[in-house]
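Down below is the structure, laid out as structure tokens.
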Amino acid sequence: MALFKKRQVGKPGEWYYCLVHKKVEEGPECPAKDRFGPYETPEEANQAMETAQERNLEWQNDPKWNDRTREDEEGTTGTTGTGTA
């Protein structure tokens, strides 16, 4: 068991948005599980939450990634595996 964790060293010009501290950071100051990035500019990193929300909405409405919509369109939801005639 290591007593000291190796600190991640960021590259100059890499920007991250920390989900815990809700702020833009240069270089990975927080663990990867707590941040979005890297981004090329602090402005891009500052828009990380809006970018994520936009992407989530696109994916939720994309029929290639939304199986529920595809099943509803095909009319197969709830019609199989009932075991009754």
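What follows draws every value from the coordinates through simple rules; no lab data is involved. Since we're looking at a predicted model, the values are computed, not measured.
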> Amide H to amide H, which residues 5 or more places from Leu19 or on other chains are under 5 Å from it, using H placed in the peptide plane?
Replying inline: Arg35, Phe36
> When the Kirkwood radius is taken over all Cα pairs of segment 15-68, what Stokes-Einstein diffusion coefficient follows at 20 °C and 1.002 mPa s, in µm²/s?
Replying inline: 179
